[in-house]
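Worksheet: the structure to be examined is printed underneath.
The values are calculated or read from the model by the stated rules, or taken from the named source; none is laboratory data. Here the structure is a predicted model, which means the values were calculated and not measured. Cβ coordinates were reconstructed from backbone atoms using ideal geometry, including for glycine residues, and neighbour counts include every protein chain displayed.
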Amino acid sequence: MALGKSMDRRGFLLRAMAAAGVLTVGPRAFASINEATRAVHGWERLRAMNPQLIHALRAGLEPPDANGIRLPAGFSSRVVARTGQPPVAGGSYSWHRAPDGGATFATSDGGWIYVSNAEVGSAQGGCGALRFNAAGDVVDAYSILSGTSSNCAGGATPWGTWISCEETDSGHSWECDPYGVRPAVKRAALGTFKHEAIAVDPVAQRVYLTEDQSSGRFYRFTPAAYPDFGTGLLEVAEAVGADENVPRAVTWHAVPNPNPDLALGQTATRLQVAQSTVFKGGEGIYFHNGIVFFTTKGDNRVYAYDTRSGMIEIFYDDAWFAQPELTGVDNLIVDAKGFVYVAEDGGNLQLVLLAPEGQVLPFLQVVGQDSSEIAGPAFSPDGSRLYFSSQRGTTGQSSGGITYEISGPFYAGDMILQSGFEPRIAQ
């Protein structure tokens with residue numbers, strides 16, 4: 001798709017987020033726009049935010065660098081971890097197989113931690129962590145969760161923990177300490193199902209969850225005593241109305257049995273409320289300024305749920321394009337300006353930015369790793385570096401995982417990606 005394309009209708013998201021000063025991709029059909037239209041509708045505003053980044057993105061990606069990464073001009077990559085190798089010379093911890101979902105957490109010395117799930121089955125999964133000092137050097141690596149299965153994505157909490165999600169029929173969510181001090185805790189109240197990811201709404205004090213099933217659902221959890229996830233109410237969404245092309249109101253229904261035992265023939269979580277809506281293969285999810293964004297791989301969509309109005313709408317759909325730039329939607333993050341970055345599992349193996357007024361801009365592409373997927377995108381707490389993994393690397397096997405760092409002219413400290421809340425600083 002040509003970069004000079006834009007959606008010609010700005011939907012409820014633009015209206016909902018305008019009060020926060022955030023311009024987002026408007027939903028629905030795309031149409032060509034000229035420079036004058038961009039100036040009126042916000043493209044010039046985006047350019048003013050960071051001229052170097054926007055110029056680089058519009059110019060397209062450079063040829064692959066030495067690591068096989070195509071980036072905009074002015075950006076560079078480095079490998080920070082490889083599966084089976086210690087990230088720190090002489091260290092005892094080797095980086096895990098099949099690195100997947102991730103997030104960053106600030107440390108008291110000016111550094112940060114990047115956590116990464118291991119999507120490995122048969123109780124061989126878990127989650128590892130890389131610790132960086134203030135200069136960006138990897139100074140430690142360790143496990144924060146082990147003995148679990150198929151840990152796919154998850155989500156950071158406002159109080160500085162990481163929720164690691166098991167993508168199995170009997171999967172649970174595990175609350176982990178990125179700093180490696182406290183043991184991980186299973187949070188059964190979040191439900192038993194094929195978990196993909198979670199996002200915390202710190203304003204309404206709720207959690208939103210996706211389910212990686214072709215007949216998956218969209219859930220929310222309200223803790224009985226926030227921020228304790230020990231007990232609470234799990235609900236499933238019903239998007240009211242048959243027309244998916246318009247914003248729909250969401251009705252939430254209590255799940256009768258959040259922890260069914262499938263071996264005993266109990267009804268799966270997603271099937272317990274007949275009127276609940278199917279979301280085809282829920283993947284990444286992220287909360288930003290009152291909006292919950294999430295992807296569904298079965299139909300290559302990005303949805304947006306407005307937690308204030310209770311309305312849901314399709315934010316991006318590859319069916320809107322004759323030649324979509326973004327397919328294979330998976331993990332996603334949202335930056336402090338409200339721009340959505342979507343990682344591809346398949347597609348062109350890109351990380352794609354959905355910018356104001358419908359711009360669909362590839363931010364990076366991994367070349368020569370066609371049997372892999374991009375996973376775990378996350379910015380450092382100061383917004384100066386981006387981390388992600390190629391889950392299977394050049395080998396196409398879980399033993400070939402590679403974790404990268406991208407540096408360049410991001411928003412220079414104005415892009416702190418912490419889902420609308422500040423990270424906890426380790427004491």
- Filtering the stretch 366-389 down to residues that are over 17 Å from the mean Cα position of the chain (by Cα) and farther than 18 Å from ARG97 by Cα, which residue is surrounded by the most Cβ atoms within 10 Å (Cβ to Cβ)? VAL366
- Query: THR24 versus (1) within 23 Å of ALA336 (Cβ to Cβ); (2) surrounded by 23 or more Cβ atoms within 10 Å (Cβ to Cβ); (3) at pLDDT 70 or above; (4) among the polar types (S, T, N, Q): which is the lone unmet condition?
  - Reply: (3)
- Message: Go through the stretch 164-178 and report how many residues are surrounded by 24 or more Cβ atoms within 10 Å (Cβ to Cβ) and closer than 23 Å to ASP382 by Cβ.
- Response: 2
- Subset of the stretch 77-105, residues aliphatic (A, V, I, L, M) and closer than 15 Å to VAL139 by Cβ, comes to VAL80, ALA81, VAL88, ALA89
- Task: Starting from residues that are of a type in the set (D, E, K, R) and more than 14 Å from the chain's Cα centre (by Cα), keep the ones in the stretch 280-318 and report whichever is farthest from PHE218 (Cα to Cα).
- Result: ASP318
- Item | For PHE132: the one exception among (1) within 20 Å of the chain's Cα centre (by Cα); (2) touching a residue at least 60 places away in the same chain (Cβ under 8 Å) | (1)
- Any hit, the stretch 184-205, residues being touching a helix residue (DSSP H, G or I) at 6+ places or on another chain (Cβ under 9 Å), over 25 Å from TYR387 (Cβ atoms) and free of Cβ contacts under 8 Å to residues at least 40 places away in the same chain: yes
- Residue check, GLY346 against (1) of a type outside the set (S, T, N, Q); (2) free of Cβ contacts under 8 Å to residues at least 40 places away in the same chain; (3) in a strand (DSSP E or B), all met but one. Which one? (3)
- Message: So, in the stretch 350-377, exactly how many residues are at positive phi and part of a strand (DSSP E or B)?
- Response: 1
- Query: Does GLY232 qualify as being more than 17 Å from THR307 (Cα to Cα), of a type outside the set (A, V, I, L, M) and part of a strand (DSSP E or B)?
  - Reply: yes
- Scan the stretch 378-395 residue by residue and report those that are in a loop (DSSP other than H, G, I, E, B), farther than 18 Å from PRO409 by Cβ and without any contact (Cβ under 8 Å) to a residue 60 or more places away in the chain. THR395
- Query: Can you tell me which of SER149, SER143 is in a loop (DSSP other than H, G, I, E, B) and farther than 18 Å from TYR226 by Cα?
  - Reply: SER149
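A quick yes/no check of all residues on (1) touching a helix residue (DSSP H, G or I) at 6+ places or on another chain (Cβ under 8 Å); (2) under 27 Å from ALA237 (Cβ atoms):
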| residue | (1), (2) |
| --- | --- |
| TYR286 | no, yes |
| ARG301 | yes, yes |
| ALA304 | yes, yes |
| VAL340 | no, yes |
| GLY346 | no, yes |
| ALA355 | yes, no |
| VAL360 | no, yes |
| GLY368 | no, no |
- Does the stretch 65-88 hold any residues that are more than 23 Å from the chain's Cα centre (by Cα) and modelled with pLDDT under 95, and which are they? ALA73, GLY74
- Which numbered condition ALA249 misses (of (1) surrounded by 14 or more Cβ atoms within 10 Å (Cβ to Cβ); (2) of a type in the set (Gly, Ala, Ser); (3) under 27 Å from ALA319 (Cβ atoms)): (1)
